[in-house]
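Down below is the structure, laid out as structure tokens.
The values are calculated or read from the model by the stated rules, or taken from the named source; none is laboratory data. Computed from a predicted structure; not experimentally measured. Cβ sites come from the backbone with ideal geometry, for glycine too, and all protein chains shown count toward neighbours.
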Amino acid sequence: MADGGGGDAAAPAAPAFDPATAGDVSGMVMLDGELPAAEELMMNSDPVCAMNATNTMSSTFIGSNGHLGNVFVYVKEGLEGQSFPAPTGMVTLDQQGCRYTPHVFGVRVGQTLEITNSDPTLHNIHASPTANDEFNMGQPIQGMRFERTFDNPEIMVPFKCDVHGWMNAYVGVVDHPYFAVTAEDGLFDLSTLPPGDYVLEAWHEQLGTQTQNVTVTTGQTAEVSFTFTAP
């Protein structure tokens with residue numbers, strides 16, 4: 001689009017990516033050592049939470065058979081200069097049973113994040129980013145919801161509830177679609193990547209980050225694994 005004053009047109013966008021040339025990444029996140037026992041969350045400070053909670057165990061360490069869940073895996077380097085269509089669907093962060101669901105998740109830059117309160121009690125959503133605007137909003141009524149977006153990539157943005165100190169969540173904000181969160185089986189897939197050399201990063205809220213280099217070629221699936229050491 002021209003600048004309206006007779007100046008030069010803006011630089012053209014990067015060429016569209018042809019999915020026919022894509023490759024895939026398949027991987028797993030392992031834990032070397034014993035998975036720490038889940039901590040029980042004490043919710044007695046709010047009788048509504050104590051009566052309505054169906055799960056009172058921490059989500060910091062989840063996994064099975066040496067695999068680690070709630071790890072955010074994404075392409076950290078290798079997509080520079082490329083752009084991807086903005087997603088139209090929204091991502092939802094729910095407060096249910098006095099917990100954030102999901103505990104770890106991803107959202108795209110500019111994508112709508114809907115934050116809802118499914119509990120019949122007051123929640124206060126306090127996000128503390130460093131590269132985006134902080135927000136701190138109350139939802140005193142069940143069914144309340146509001147929407148926010150993030151303008152800049154950031155790994156990770158912490159959420160907490162200022163009313164219930166045990167409630168926390170983390171969101172990875174990225175400017176591309178190549179990210180995943182592992183379940184208890186530790187597996188992840190990053191599909192339909194342009195061919196190229198990449199750096200992947202795996203993030204865990206207590207065990208930190210690890211990176212791996214991977215080369216993606218057309219029609220092939222590259223395999224990657226991360227291994228964190230148990231605390």
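Is it fair to say residue 116 is part of a loop (DSSP other than H, G, I, E, B), more than 26 Å from residue 67 (Cβ to Cβ), outside the structural domain of residue 217 (by TED's automatic domain parsing) and at pLDDT 95 or above?
no
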In the set 116, 121, the lone residue that is of a type outside the set (D, E, K, R), more than 19 Å from residue 90 (Cα to Cα), surrounded by 18 or more Cβ atoms within 10 Å (Cβ to Cβ) and over 16 Å from the mean Cα position of the chain (by Cα) is 121
When you scan the stretch 1-38, how many residues do you find that are on the phi < 0 side of the Ramachandran plot and at pLDDT 90 or above? 16
Residues in the stretch 85-113 that are of a type in the set (A, V, I, L, M), under 15 Å from residue 178 (Cα atoms) and part of a loop (DSSP other than H, G, I, E, B) total 2
The listed residue being acidic (Asp, Glu), under 28 Å from residue 32 (Cβ atoms) and outside any loop (DSSP other than H, G, I, E, B), out of 197, 185: 197
For residue 151, work out the one condition from (1) out of contact with any Cys (no Cβ under 8 Å at 6 or more places or on another chain); (2) of a type in the set (D, E, K, R); (3) surrounded by 13 or more Cβ atoms within 10 Å (Cβ to Cβ); (4) farther than 22 Å from residue 209 by Cα it doesn't fulfil. (3)
Have a look at 105, 146 and point out the one that is among the aromatic types (Phe, Trp, Tyr), surrounded by 15 or more Cβ atoms within 10 Å (Cβ to Cβ), more than 20 Å from residue 54 (Cα to Cα) and out of contact with any Cys (no Cβ under 9 Å at 6 or more places or on another chain). 105
Could you say whether any residue in the stretch 179-188 is surrounded by fewer than 20 Cβ atoms within 10 Å (Cβ to Cβ), of a type in the set (D, E, K, R) and more than 15 Å from the chain's Cα centre (by Cα)? yes
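Is it the case, given these coordinates, that residue 156 is aliphatic (A, V, I, L, M), out of contact with any Cys (no Cβ under 6 Å at 6 or more places or on another chain), in the same structural domain as residue 106 (by TED's automatic domain parsing) and in contact (Cβ under 8 Å) with a residue 40 or more places away in the chain?
Taking the combined requirement at face value, the residue satisfies it.
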Report, ordered by the first and then the second residue, all pairs with beta carbons closer than 8 Å, sequence separation of six or more or different chains, a first member in the stretch 127-146 that is assigned by TED's automatic domain parsing to the domain that holds residue 114, and a second member that is of a type in the set (Phe, Trp, Tyr) and not in a strand (DSSP E or B). 129/150; 132/150
